[in-house]
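The block underneath contains the structure these notes are about, expressed in structure tokens.
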Amino acid sequence: MTIMRVNPNRMELLRLKEQLRVARRGHKLLKDKRDELMRQFLTLVLEVDELGAKQKKSLSGRTRR
């Protein structure tokens, strides 16, 4: 963690509080975005798995004549 030299006054405190609020909001938005992307990715993985199973079943049915 970096040590900051800060003027000990009210304006600096208000500025830093706002900076912290924005950083926390940005962090939450990035976490929400990551979670949504993971949800979409897992949905695609399941879809690909189902299509692969269908294809395998279809191909195995054709070779057994």
- Message: Testing the spin-label approximation: label points 7 Å from Cα along Cα→Cβ at Val48 and Asp32. State their distance in nm.
- Response: 2.8 nm
- Message: Given the DSSP H assignment, sum -39500 (n - 2.57) over each helix run of at least 4 residues in the chain and divide by its residue total; what's the result at 222 nm in deg cm²/dmol, nearest 500?
- Response: -31500 deg cm²/dmol
- Item | Quotient of C-alpha Rg and 2.2 N^0.38 Å, computed over the chain | 2.43
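Between Leu14 and Gln55, what is 0.36 nm times their sequence separation minus the Cα-Cα distance? Round to one decimal in nm.
8.6 nm
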- Item | Nearest-20 debye value, the chain charge dipole, Cβ charges on Lys, Arg, Asp, Glu | 160 debye
- With Cα coordinates, the longest principal axis of the chain makes an angle with the long axis of helix 10-63, in degrees rounded to 10, of 0 degrees
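Since every read-out is calculated from the coordinates, none of them should be taken as a lab result. Computed from a predicted structure; not experimentally measured. Neighbour counts are summed over all protein chains in view; Cβ atoms, including those assigned to glycine, are modelled from backbone coordinates with ideal geometry.
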